[in-house]
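The values are calculated or read from the model by the stated rules, or taken from the named source; none is laboratory data. Values in this document were obtained by computation on a predicted structure and should not be read as measured data. A quick note on method: Cβ atoms are made from the backbone with ideal geometry, for glycine too, and the neighbour counts reach across all protein chains shown. The area values use the complete protein model at the heavy-atom level, side chains included, leaving out ligands, DNA and RNA. Shrake-Rupley method; radii C 1.70, N 1.55, O 1.52, S 1.80 Å.
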Amino acid sequence: MEKPLLYSIIRRPKQWSVIILLDINNLTKSFGGLMAVNDVNLHIGKGEIVGLVGPNGAGKSTLLNLISGMYRPDKGSIVFMGTDITTTPSHKVCKLGITKTFQLVHSFPEMTALENVMVGALFGDPDNGNMNTAKEKAMELLQFVGFSREKIYLPVKNLNLMELKYIQLARALATNPKLILLDEITTGLNPTESQEAVELIKKMRSGGISVLLVEHIMRVIMGVSDRIVVLDYGEKIADGTPEEVTNDEKVIESYFGEKYVF
Ligand SMILES: Nc1ncnc2c1ncn2[C@@H]1O[C@H](COP(=O)(O)OP(=O)(O)OP(=O)(O)O)[C@@H](O)[C@H]1O
Ligand SMILES: [Mg+2]
């Protein structure tokens, strides 16, 4: 049964109205005495690309793990398209339309590239998995991410980092996400490869997918984000357009070190 449309609509003066896809309130997670995510409020609008930045250990991956249901928060709430997913386990969060790639690439090393993506397609198929449809979809997505056709039948243990990242991305897309959480997909890639990744992120948005992107490479984050959120010691210290955030004194002090020049 279709859920009632509960997403709130924010009207901003002189701006278009934004349909809220993900709404996070007062989210908190600690590990022992360490506050990894501290009272964070954050929303992501439909069709938005939001960049999440901050120094090492700022809580970016933890926040993504909370959203994707891998961790349970100590406090706060996460609402996705009107459904409270604060304590929903990750496989169910994925079925609802949120998927995540990992900072350290995960794969099934003995399986081929195609099979690795088929896993996502089979999991994301509402009819519970037809092998032929999954294969077709996996082929299409490998092509979409620009994966070399000659390598689709190779075991992924023989592939390089860029190729593994593309497979991970294709597998995530195969689950039919409405929101994709990307944790440092360009880390370890050369400038040409990172630029290709930026183009892919833009293509995903054109395909109707919203994106929350963790990234350390400023050229990438500035080039692709509609909005940037900055975490520092688990707390959100800024949330605004790339221009607003790069002019923010607190952000310059805690993250950039000096003013970022576009
Ligand atoms: N599972 C865990 N158990 C204990 N501490 C953790 C765990 N996961 C993260 N932490 C700690 O929480 C803090 C935030 O870590 P997190 O990985 O979210 O940071 P990050 O912003 O993603 O950093 P990086 O840029 O280095 O990837 C760090 O101090 C980290 O050591
Ligand atoms: Mg991280």
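Brief remarks on what is shown
- The 3J(HN,Hα) values that the Karplus relation (6.51, -1.76, 1.60; θ = phi - 60°) gives for segment 228-245 are, in residue order, 10, 10, 10, 9, 8, 6, x, 9, 7, 10, 7, 7, x, 5, x, 5, 4, 5 Hz. Gly and Pro appear as x.
- In this Cβ point-charge picture (+1 for Lys and Arg, -1 for Asp and Glu), the chain has a dipole of about 520 debye about its Cα centre.
- Cα-based reach from K157 at 13 Å (exclusive), listing aspartates and glutamates while leaving out same-chain residues under 8 positions away: E110, E115
- Entries of K137/K203; K46/K75; K95/K137; K60/K137; K92/K178 with Cα pairs more than 22 Å apart: K46/K75; K60/K137
- With R₀ fixed at 45 Å, the C-beta to C-beta distance from E110 to L34 puts the FRET efficiency at about 0.75.
- Here the spin labels are modelled as points 7 Å beyond Cα on the Cα-Cβ line, and at E199 and D74 they lie 4.6 nm apart.
- Label zone at N158, where the point sits 7 Å out along the Cα-to-Cβ direction: segment 136-151 residues whose backbone N lies under 15 Å: 148-151
- Extents of the chain, largest first, come to 51, 46, 44 Å (Cα atoms, principal axes, whole angstrom).
- Relative to its Kirkwood radius, the Cα radius of gyration of segment 30-142 gives an Rg/Rh of 1.01.
- Think of it as helices only: each DSSP H run of n ≥ 4 in the chain is worth -39500 (n - 2.57), and spread over all residues that comes to -9500 deg cm²/dmol at 222 nm.
- GluC sites (Glu not before Pro) within segment 42-144, DSSP loop, no more than 13 other Cβ atoms inside 10 Å: E110
- Amide proton proximity set for K75, modelled H, under 5 Å, gap of 5+: T28
- Counting only protein chain heavy atoms and rolling a 1.4 Å probe, the accessible areas of H91, H216 rank, largest first, as H91, H216.
- Segment Q143-I252, length gained on full extension (0.36 nm per residue, minus Cα span): 35.3 nm
- Accessible area (Å², 1.4 Å probe, nearest 10) - S30: 40 Å²
- For I19, residues with placed amide H under 5 Å, excluding near neighbours: K46
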